[in-house]
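First the structure, in the form of structure tokens, and then the observations on it.
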Amino acid sequence: MTRTTLSVDKEFTPGPSVNMVSRNLMLQTGESRHLRARLEATSSTTAIVGMTVRIRCFDSSGTPAGIVSASGRNHEGYDTSTYAKPGHLPIYADLLFTAPVAGGYTCGLFGSTYASSATDYSLTAVAGGTWLESSDRNQKGAGWWQNPACESDDRGGLCTYVGQGAANPDAFVFYNDGSPSRRWTADAAAASVDVLANIELTTCPVGTASCAAAMYDFPRGVGSVVDLRLQFIQLDTTGHTCRTHEQYVRKTITDDAHHSVANLAIAGIDIASTCGTRAFLMRIHVRHVEGQTVKIDGVQGGATSLTNGIAINRYS
């Protein structure tokens, strides 16, 4: 991976997203790159405001190319002490970009902010802590997963929820949440596989426009706890489970943060010859533990993915 780092702090205000750093890539048709972004920002206000990082790519004419990957969370103000570095909120996003045709592409990290209660504030992307990485070689045969459409405003109740009451207690993302069936086959020459997944979760306090009213259980302030289990399953010749590789995380989301992305990864997964195939499926088990019902965010506007996964072949 080559990293391009923001060299000077860059302020951004409510409105269109702002390009922080970019990478230029020359690619052949079907060639893929793994892109990873980190946006670290401080705030000029103590108010709670929205913050989103996006990775988007454009062809040589400036036309958007491929899916956009995004992650979001509320910035809780310059006086917050709950972050690893007080007042500094970092958010990560990942994208597998595959060139539709041969040519030059520019891929960038974009930051945006928004608030319903204020406009006279700014966030500042922090130099050194804000960067965009891209893999240096073709990620041959890499796999990409994304879940179905789920808009930011889901008062119509089309998204997947986990919780109590009207929600289901658990769900399998990429598996039983309406995602199309997706089996991925490791390259014949690959020695192992690395997998990663990002899942965007939103709490549903009473009155939020992010969730259907049927999913309201508690007033603002309760927060949520969910258990997440990333599973990468090698299949046997009958299409059933042969070996399962897992990562488990317990995630707590406050109603002030409201949105929160969990970044999951398993490295160096061996490909067992005894299974008889090199086929895998990826899924994320989400189990509600306590508190607010949680919405699992998905593709917004038909072009921006907030929950996604990547499998990468490793040859040594």
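Candidates in the stretch 71-85 are the residues that are part of a loop (DSSP other than H, G, I, E, B) and farther than 17 Å from Gly50 by Cα; of these, the one that is modelled with the highest pLDDT is Ala84. The residues on offer are Leu230, Leu201, Leu158, Leu196, and the sole one that is surrounded by fewer than 19 Cβ atoms within 10 Å (Cβ to Cβ) and either aliphatic (A, V, I, L, M) or assigned to a strand (DSSP E or B) (or both) is Leu158. Of the residues Leu132, Leu123, the single one that is farther than 22 Å from Ala65 by Cβ and buried (at least 20 other Cβ atoms within 10 Å of the Cβ) is Leu123. A search for C-beta distances below 6 Å between a residue of the stretch 84-109 that is closer than 18 Å to Ala262 by Cα and any residue that is at pLDDT below 95, counting only pairs 6+ apart in sequence or on different chains, returns Leu89/Tyr83.
The number of residues in the stretch 262-312 that are within 15 Å of the chain's Cα centre (by Cα) and either modelled with pLDDT under 95 or open to solvent by 10 Å² or more (accessible area, probe 1.4 Å) (or both) comes to 8.
For (1) open to solvent by 20 Å² or more (accessible area, probe 1.4 Å); (2) within 23 Å of the chain's Cα centre (by Cα); (3) touching a residue at least 60 places away in the same chain (Cβ under 8 Å), each residue gets a yes or a no:
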{"residue": "Cys211", "(1), (2), (3)": "no, yes, yes"}
{"residue": "Tyr216", "(1), (2), (3)": "yes, no, yes"}
{"residue": "Val222", "(1), (2), (3)": "yes, no, yes"}
{"residue": "Val226", "(1), (2), (3)": "no, yes, yes"}
{"residue": "Thr237", "(1), (2), (3)": "yes, no, no"}
{"residue": "Thr241", "(1), (2), (3)": "yes, no, no"}
{"residue": "Gln247", "(1), (2), (3)": "yes, yes, no"}
{"residue": "Thr252", "(1), (2), (3)": "yes, yes, no"}
{"residue": "Asp255", "(1), (2), (3)": "no, yes, no"}
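The residues of the stretch 18-36 that are of a type in the set (Gly, Ala, Ser) and in contact with a Lys or Arg (Cβ under 8 Å, 6 or more places away or on another chain) amount to a single one, Ser32. Taking the numbered list (1) at pLDDT 95 or above; (2) in a loop (DSSP other than H, G, I, E, B) in turn, Ala214 passes all entries but (2). The listed residues are Leu230, Leu196, Leu201, and the only one of them that is closer than 16 Å to Arg73 by Cα and either touching a helix residue (DSSP H, G or I) at 6+ places or on another chain (Cβ under 6 Å) or not β-branched (Val, Ile, Thr) (or both) turns out to be Leu201.
Yes or no, residue by residue, for (1) in contact with a Phe, Trp or Tyr (Cβ under 6 Å, 6 or more places away or on another chain); (2) of a type outside the set (D, E, K, R):
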residue: Asp94; (1), (2): no, no
residue: Thr98; (1), (2): no, yes
residue: Ala102; (1), (2): no, yes
residue: Thr106; (1), (2): yes, yes
residue: Ser116; (1), (2): no, yes
residue: Thr119; (1), (2): no, yes
residue: Thr130; (1), (2): no, yes
residue: Glu133; (1), (2): no, no
residue: Gln139; (1), (2): no, yes
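If you go through the stretch 86-120 and keep only what is open to solvent by 10 Å² or more (accessible area, probe 1.4 Å), in a loop (DSSP other than H, G, I, E, B) and hydrophobic (A, V, I, L, M, F, W, C), you end up with Val101, Ala102, Ala115, Ala118. Would you confirm whether any residue within the stretch 27-38 is open to solvent by 50 Å² or more (accessible area, probe 1.4 Å), closer than 20 Å to Gly103 by Cβ and out of contact with any His (no Cβ under 6 Å at 6 or more places or on another chain)? So far as the stretch 27-38 goes, yes, one or more of its residues are open to solvent by 50 Å² or more (accessible area, probe 1.4 Å), closer than 20 Å to Gly103 by Cβ and out of contact with any His (no Cβ under 6 Å at 6 or more places or on another chain).
The values are calculated or read from the model by the stated rules, or taken from the named source; none is laboratory data. A quick note: this is a predicted structure, and the numbers were derived from the prediction, not measured. We place every Cβ from the backbone using ideal geometry, glycine too, and count neighbours over all the protein chains shown. The accessibility values were calculated without ligands, DNA or RNA, using every heavy atom of the protein model including side chains. Shrake-Rupley method; radii C 1.70, N 1.55, O 1.52, S 1.80 Å.
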